[in-house]
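Undergrad: Shown below is the structure under consideration.
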Amino acid sequence: MSRRARFAAALAVVTLGATIAATIPAQAAGSTLKDAAAQSGRYFGTAIAGFKLSDSTYSSIANREFNMITAENEMKMDATEPSQNNFNFSSGDQILNWAVQNGKRVRGHALAWHSQQPSWMQGMSGSALRSAMLNHVTKVAEHYKGKVYAWDVVNEAFDDSNGGRRDSNLQRTGNDWIEAAFKAARAADPNAKLCYNDYNTDNWTWAKTQGVYNMVKDFKARGVPIDCVGFQSHFNAQSAYNSNYRTTLSSFAALGVEVQITELDIEGSGSQQADTYRRVVEDCLAVKACTGITVWGVRDSDSWRSYGTPLLFDNNGGKKAAYTSVLNALNAADPTDPTTDPTQDPTDDPTQDPTDDPTDDPTDPETTNPPDPTGKCSAALTIVNSWPGGYQATVTVKAGSSSINGWRVTLPSSVNTNNLWNGVLSGGVVTNAPYNGSVGAGQSTTFGFVGNGSAPGAGNLTCA
Ligand code: G3I
């Protein structure tokens, strides 16, 4: 072949290569949940019950689809310390070994919890219980040292309705029991991520969510070792998915912790269920610090709530519409998408997005309108939710007959807040954030905050 012919052939190969490269998407779609999640650097996990691993349908789906494993019951207090200071890791190790042999990581669940305590612990109190709890945390974390990615150090320690701590034998040992558990876990396994894990903390307006948020904020401020917050996300009619879930995830992330969806299941069926799953996945993908999603079981029949058919595989192991919806949502994640940009404003509140879901409750107080302004602008304060010692408020700012470029709202003098979004607070006056100062004539924007103490009366505020 002449030099000219060789050059022409080489050019043809290069050109063909370039053409192929141009037509192949940067990311090939993942065909399993774990591969699809990995495209944006996230994991996709499930809870495993050790006694089911001999069921080949169960174990083959689990192996094929998931790369993060949580022991559904086998690493809990009753399983690992059946009599005081006699530890039994056989069931937990079975799951850990299966995970490791199949190239998966493990989330440890759970070191300290008021529930599923061994019977010897249930009757204990005071300093004896505190010591026993710390010994348990230490010994279990030491056994799994270097082998687990993360631990749910403390599980479900908050009351369901008032935003305070749940009463339990552990809580009665003193309010510092949670931080004591975290410090013991850090000492025992310095490389495991240490998480607080709870349910009914998904809705940003709920008192329980705010209670946990304030604890994590306090822990970060005082240097208590906490790396992550787990949102169990058991969704059903009583605890429904709300579009402010993304606000919850991003608000916690803004405290400097990883957020993880740890026990996801969504009761329902068909497109309704599939759509809610999609939204949950999209919310996680929109928050850089949301590092992974775990569903609480493999098939519907494996669920603790099997009657609600809440999982991604049917009783026969077939993929449900919800599965396809999750897979597609994960594959749609673009690593270069600005929504996954770590420089995103974590305090941005998507519930204030005008493109918000029209299925949102139309009675939602965030939609309250201030009066028509007679001057530059007007503002109206709405109390979204309140609980003993705190409340959440939204303020709607409306431009007058001319568009405005910047606004200032004076808060009632009683307002005491250190958690405000979509605005900048200084000396009792909130000015617009960099992105929401321009408001068209007659249009409105909102900001919100969580206040300490009693809520002020709803009503009009001074806007200038
Ligand atoms: O293993 C025994 C069996 O020998 C016995 O015959 C049978 C009789 O009831 O009980 C079996 O133990 C059950 C165990 O699950 C294993 O299936 C327990 O009774 C039952 O209480 C236990 O339920 C677990 C539950 O936690 C306990 O609180 C569920 O499997 C487990 O999915 C669930 O997981 C929790 C998370 O840890 C924390 N978040 C909520 C989530 C759902 O409740």
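The values are calculated or read from the model by the stated rules, or taken from the named source; none is laboratory data. Bear in mind that the values here come from a model prediction, so they are computed numbers and not experimental data. Note that each Cβ is placed from the backbone with ideal geometry, even for glycine, and that neighbours are counted across all protein chains shown. Just so you know, the surface numbers come from the protein's heavy atoms only, side chains and all, with ligands and any DNA or RNA stripped out. Shrake-Rupley method; radii C 1.70, N 1.55, O 1.52, S 1.80 Å.
Undergrad: For the chain, what is the mean residue ellipticity at 222 nm derived from helices alone (per DSSP H run of n ≥ 4: -39500 (n - 2.57); sum divided by total residues; nearest 500 deg cm²/dmol)? Don't skip to the answer; put the middle values down first.
TA: Numbers: 12 runs with 139 residues, N = 464.
Taken over the chain, the calculation gives -9000 deg cm²/dmol.
Undergrad: When we measure straight from the Cα of Lys220, which lysines land under 29 angstrom away, once same-chain ones fewer than 8 places off are left out?
TA: Here the lysines satisfying the reach criterion relative to Lys220 are Lys76, Lys139, Lys145, Lys147, Lys183, Lys193, Lys208, Lys288.
Undergrad: Which lysines does Lys376 reach when only Cα atoms under 29 Å apart count, and residues fewer than 8 places away in its own chain are ignored?
TA: Lys398
Undergrad: What order, most packed first, do the peptides 412-420, 325-333 have when packing is the mean number of other Cβ atoms within 10 Å of each residue? Display every interim value, and only then the final one.
TA: Details: 412-420: 15.1, 325-333: 21.0.
Final packing ranking: 325-333, 412-420.
Undergrad: What is the magnitude of the charge dipole of the chain about its Cα centre, with +1 placed on the Cβ of each Lys and Arg, -1 on the Cβ of each Asp and Glu, and no other charges, expressed in debye to the nearest 20? Could you put the intermediate results ahead of the total?
TA: Numbers: 36 positive and 45 negative charges, 296 e Å.
Taking the Cα centre of the chain as origin, the dipole is about 1420 debye.
Undergrad: Going toward the positive end of the dipole of the chain, with +1 on Lys and Arg Cβ and -1 on Asp and Glu Cβ, which of Gly268, Val100, Asn67 do you reach last?
TA: Result: Val100.
Undergrad: Mind listing which trypsin sites (Lys or Arg not before Pro) in the range 137-167 are in a DSSP loop and have 13 or fewer other Cβ atoms within 10 Å? Walk me through the numbers on the way to the answer.
TA: Working: sites: Lys139, Lys145, Lys147, Arg165, Arg166; in loops: Lys145, Lys147, Arg166.
Sites meeting the loop and neighbour criteria: Lys145.
Undergrad: Can you list the lysines whose alpha carbon is less than 25 Å from that of Lys319, not counting same-chain residues fewer than 8 positions off?
TA: Lys34, Lys52, Lys104
Undergrad: What is the distance in Å between the Cα centroid of the range 40-99 and that of the range 133-207?
TA: First find each Cα centre; the distance between them is then 19 Å.
Undergrad: Here is a follow-up. I'd like the antiparallel share, as a percent to the nearest 5, of DSSP beta bridges with both residues in the chain. Present the calculation step by step, with values, prior to reporting the outcome.
TA: Values: 40 of 76 bridges.
So the antiparallel bridges amount to about 55 percent of the total.
Undergrad: Given axes a ≥ b ≥ c from the Cα gyration tensor, I'd like to know whether the range 126-172 is rounded (a/c under 1.5), prolate (a/b larger than b/c) or oblate. Provide the component values of the computation, followed by the final result.
TA: Values: a/c = 5.57, a/b = 1.50, b/c = 3.72.
Since a/c reaches 1.5 but b/c is at least a/b, the shape of the range 126-172 is classed as oblate.
Undergrad: Place +1 on the Cβ of every Lys and Arg and -1 on the Cβ of every Asp and Glu in the chain, take the dipole about the Cα centre, and give the residue among Gly457, Thr80, Ala379 whose Cα lies farthest towards its positive end.
TA: Ranked along the dipole, the leading option is Thr80.
Undergrad: Label the range 27-77 by shape, choosing from rounded, prolate and oblate, from the square roots a ≥ b ≥ c of the eigenvalues of the Cα gyration tensor; if a/c is under 1.5 it is rounded, and otherwise prolate applies when a/b is larger than b/c, oblate when it is not. Please list the in-between numbers first.
TA: Numbers: a/c = 5.93, a/b = 1.71, b/c = 3.47.
Oblate shape, in that a/c is at least 1.5 and b/c is the bigger or equal ratio.
Undergrad: Once the convex hull of the alpha carbons of the range 247-298 is built, what does its volume come to per residue, in cubic angstrom? Show your work: numbers first, answer last.
TA: Values: hull volume 3.9 nm³, N = 52.
So the per-residue Cα hull volume is 74 Å³.
Undergrad: Hey, what's the Cα Rg ratio for the range 123-210 versus the globular rule of thumb, 2.2 N^0.38 Å?
TA: Details: Rg = 13.9 Å, N = 88, 2.2 N^0.38 = 12.1 Å.
Compactness ratio reported: 1.15.
Undergrad: Report the paramagnetic label zone for Ala29: residues of the range 280-324 whose backbone N is under 11 Å from a point 7 Å from Cα along the Cα-to-Cβ axis.
TA: Residues 324 qualify, since their backbone N sits under 11 Å from the label point.
Undergrad: Related question: Can you find, among Ala192, Thr445, Ala253, the residue sitting farthest towards the positive end of the charge dipole of the chain, where Lys and Arg contribute +1 and Asp and Glu -1 at Cβ?
TA: Ala192
Undergrad: Sticking with this one: If you roll a 1.4 angstrom probe over the protein chains with everything in place, what fraction of the accessible area of the range 39-164 belongs to carbon and sulfur, to the nearest %? Please list the in-between numbers first.
TA: Numbers: 2050 of 4600 Å².
Its accessible area is 45 percent carbon and sulfur atoms.
Undergrad: For a test of the definition: using alpha carbon positions, the gyration tensor, and the 1.5 limit on a/c, classify the chain as rounded, prolate or oblate. Show your work: numbers first, answer last.
TA: Values: a/c = 1.95, a/b = 1.10, b/c = 1.77.
Oblate is the answer for the chain, as a/c is 1.5 or above yet b/c matches or exceeds a/b.
Undergrad: How many Å² of accessible area per residue for the chain, probe 1.4 Å?
TA: 42
Undergrad: Around Gly163, under 15 Å between beta carbons, what's the net of Lys plus Arg minus Asp minus Glu among the other residues?
TA: Details: positive: Arg165, Arg166, Lys208, Lys217; negative: Glu156, Asp159, Asp160, Asp167, Asp198, Asp202, Asp218.
Combined, the nearby Lys, Arg, Asp and Glu give -3.
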